[in-house]
Amino acid sequence: MPMLKRLAVLAVPVAVAGAVAVPALAATTTTVKLKDDFFTSKTLKIAKGTTVKWVWAGESIHNVSVTEGPAKFRSRLQSKGSYSHTFAKRGKYTIVCTIHSDMVSTVTVK
Ligand SMILES: [Cu+2]
């Protein structure tokens, strides 16, 4: 019986910690367009936790691919639609389209 009582007390802080883990800050989204053949934002500075939504706005096929940075991610090659990434790590990201060598941009996460 005393054992059960102790478990009940321990369960409370766990529940509180779970509630605190829910993000308290409102999410921010910044949109960048992919045109033929450039990103509409070459240098972007954002706060950690910001989501960048890339929107395909040209005719050609492009992708969004990190070549350097604290985290790597890559979209599919596509000609329409969008791709989003939430930046959870601070640092400087070099983002390119892998089939158009001069389609380069940077995202700096503070
Ligand atoms: Cu491209």
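Quick look at the values:
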quantity: Cβ charges +1 (Lys, Arg) and -1 (Asp, Glu), total dipole of segment 25-109, debye; calculated: 400
quantity: Protection-proxy order for peptides 28-35, 90-97, each taking the mean of Cβ atoms within 10 Å per residue, highest first; calculated: 90-97, 28-35
quantity: Rounded FRET efficiency, nearest 0.05, which uses the C-beta distance separating Asp37 from Gln78 and R0 of 22 Å; calculated: 0.95
quantity: In nm, spacing of pseudo-spin labels at Ile99 and Val66 (7 Å Cα→C-beta vector); calculated: 2.3
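Values quoted throughout were computed directly from the atomic coordinates according to the rules given, and no laboratory measurement underlies them. This is a predicted model, so every value here is computed, not measured. Neighbour counts run over all protein chains shown; Cβ positions are idealised from the backbone, glycine included.
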